[in-house]
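Take a look at the structure set out below.
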Amino acid sequence: NAGVTQTPKFRVLKTGQSMTLLCAQDMNHEYMYWYRQDPGMGLRLIHYSVGEGTTAKGEVPDGYNVSRLKKQNFLLGLESAAPSQTSVYFCASSYGPGTGVVGYTFGSGTRLTVV
Amino acid sequence: AQSVSQHNHHVILSEAASLELGCNYSYGGTVNLFWYVQYPGQHLQLLLKYFSGDPLVKGIKGFEAEFIKSKFSFNLRKPSVQWSDTAEYFCAVIPNFGNEKLTFGTGTRLTIIP
């Protein structure tokens, strides 16, 4: 009973280091999303993808890059981490509009600290 | 673009008290509405959702929400809270048509005192 799996669950980075967060879903969902969650700000959309090979910017895309080479995977990259990127990152997936099924499935989150 | 407002940032209640958390959205067309809950250290879980039909929606764990279109509101209610309801609650909205991007409110932290 997998759903959406995020790796790693925790990570501490030094300023300037790079890393990639992996999101994998086994529900054949077309749409995938990366959100960051910060206290008092709710969840804000970083980037999203409407299908394999596509990506689009969300509300707070600066400092992040994404790739969707395979339908089931959505990668979030930080090329040069900054303390402002300390956050909890959530991946989500959905079938997308026009399918009659609305709603997201969320991963368990990645807690990232940049020192 | 749509937006969601949750005016209660932190609510503290005693066990058995009644709960109502406010949610207002801004969007010119028809929408789907959701309430998610996040227990400490966990990911978001769907409490309930509204698509169409009966504006009073019942969810898991005794929660319900009422969609009032004229007020652009989707408030969450529970008649008698338990200590285990301590969590953060997020209201979210998706337009009925167009790209499906879920927009969240800033969340309400609920603390239940035993």
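The values are calculated or read from the model by the stated rules, or taken from the named source; none is laboratory data. The shown structure was predicted, so the numbers you read here are calculated from the model rather than taken from an experiment. Here the Cβ positions follow ideal geometry from the backbone for every residue, glycine too, while neighbour counts run over all protein chains shown. When the accessible area is computed, the model is the full protein with side chains, heavy atoms only, and any ligands, DNA or RNA have been set aside. Shrake-Rupley method; radii C 1.70, N 1.55, O 1.52, S 1.80 Å.
Considering only residues of segment B:41-66 that are away from chain A (no Cβ under 14 Å) and outside any loop (DSSP other than H, G, I, E, B), which is least open to solvent (accessible area, probe 1.4 Å)?
Looking at the filtered set, the residue picked out is B:Ala65.
Going by the conditions given, is B:Lys69 farther than 20 Å from B:Val11 by Cβ and open to solvent by 40 Å² or more (accessible area, probe 1.4 Å)?
Considered against the rule, which asks whether it is farther than 20 Å from B:Val11 by Cβ and open to solvent by 40 Å² or more (accessible area, probe 1.4 Å), B:Lys69 comes out as yes.
Considering every residue within segment A:51-73, establish whether at least one is within 14 Å of another protein chain (Cβ to nearest Cβ), in a strand (DSSP E or B) and buried (at least 19 other Cβ atoms within 10 Å of the Cβ).
no
List the residue pairs whose Cβ atoms are under 6 Å apart, where the first residue sits in segment B:34-58 and is farther than 15 Å from B:Ile94 by Cβ, the second is outside any strand (DSSP E or B) and aromatic (Phe, Trp, Tyr), and the two are 6 or more positions apart or on different chains.
Partner pairs satisfying both residue conditions: B:Leu47/B:Phe63.
If I filter segment A:83-115 down to residues being part of a loop (DSSP other than H, G, I, E, B) and crowded, with 21+ Cβ neighbours inside 10 Å, which single residue comes out as modelled with the lowest pLDDT?
A:Tyr104
Based on this model, can you work out whether A:Ser80 counts as part of a loop (DSSP other than H, G, I, E, B), of a type in the set (Ser, Thr, Tyr) and modelled with pLDDT of 95 or more?
Yes.
(1) more than 12 Å from chain B (Cβ to nearest Cβ); (2) closer than 16 Å to A:Val66 by Cβ: which one isn't true of A:Ile46, the others all being true?
Unmet for A:Ile46, out of (1) more than 12 Å from chain B (Cβ to nearest Cβ); (2) closer than 16 Å to A:Val66 by Cβ: (1).
What's the number of the only condition in (1) part of a strand (DSSP E or B); (2) open to solvent by less than 20 Å² (accessible area, probe 1.4 Å); (3) farther than 23 Å from B:Leu48 by Cα that A:Leu45 fails to meet?
Going through the list (1) part of a strand (DSSP E or B); (2) open to solvent by less than 20 Å² (accessible area, probe 1.4 Å); (3) farther than 23 Å from B:Leu48 by Cα, A:Leu45 breaks only (3).
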